[in-house]
Amino acid sequence: MRLSKQIYLNYWKQLKLFVDERGLDWRFYSFEGEAETVVKIGSPHHKICLALAGSDGKHPRPFISASFWIPDSKEAFMMLQSKRVEIEAEMGKVLEWDSKLGRKSCWIRLTVAMDLSLEKNWPASFEWFAENAGKIRDVCHRHLTFVGC
């Protein structure tokens, strides 16, 4: 399932309104009709990517995800991965750990099945993002122990 560019654009605008109404410290980047947006949450050093996606090989149903994005540091990813058990315990959920060979950026991702082609599902997705995007950022940030991260 691929949502239209207009649905993506409307969705991100509505999420931004939700975030503003809640007074959340999120700065949005690049949500002009794309399936993914980058959000900085309370820190200039880390970015969270929010994604709306159709089904794929790992996910048989449409899903949304919040990912802790590590743009240029395999070292930081390895540090976090070495603490995987503690991080997943703090999150209370199993996470996807993505560090592909030959690629600089790495991801730690949390997903949930949700069909956003139905606008009635949007409020629940906003709540899910509000709960989980900040949490994955905070948990991962606590486990990074070197300067600059």
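Net charge near Pro71: determine it from the other residues with C-beta under 9 Å of the C-beta of Pro71, scoring Lys and Arg +1 and Asp and Glu -1. Neighbourhood net charge equals +1. Backbone amide hydrogens, once placed in the peptide plane, bring Lys47 within less than 5 Å of Trp69, excluding anything fewer than 5 places away on its chain. Separation of the alpha carbons by more than 26 angstrom is noted, of Lys83/Lys104; Lys16/Lys74; Lys13/Lys135, for Lys16/Lys74. The local environment of Cys140, defined by Cβ-Cβ distances under 12 Å, has a net charge of +3 under the rule Lys, Arg +1 and Asp, Glu -1. In order along segment 79-85, phi translates into HN-Hα couplings of 4, 5, 5, 5, 10, 3, 4 Hz, rounded to whole numbers, per the Karplus curve 6.51 cos²θ - 1.76 cosθ + 1.60 with θ = phi - 60° and x for Gly and Pro.
If you rank Leu24, Leu116, Leu80, Leu17 by fewest surrounding Cβ atoms within 10 Å, what's the result? Each step should come with its number before you reach the end.
Numbers: Leu24 15, Leu116 20, Leu80 25, Leu17 11.
Least crowded to most crowded, the residues run Leu17, Leu24, Leu116, Leu80.
Read-outs throughout are calculated quantities, based only on the coordinates presented, and are distinct from any laboratory measurement. Source: prediction; values computed, not measured. Note: ideal-geometry Cβ built from the backbone for every residue, glycine included; neighbour counts use all protein chains shown.
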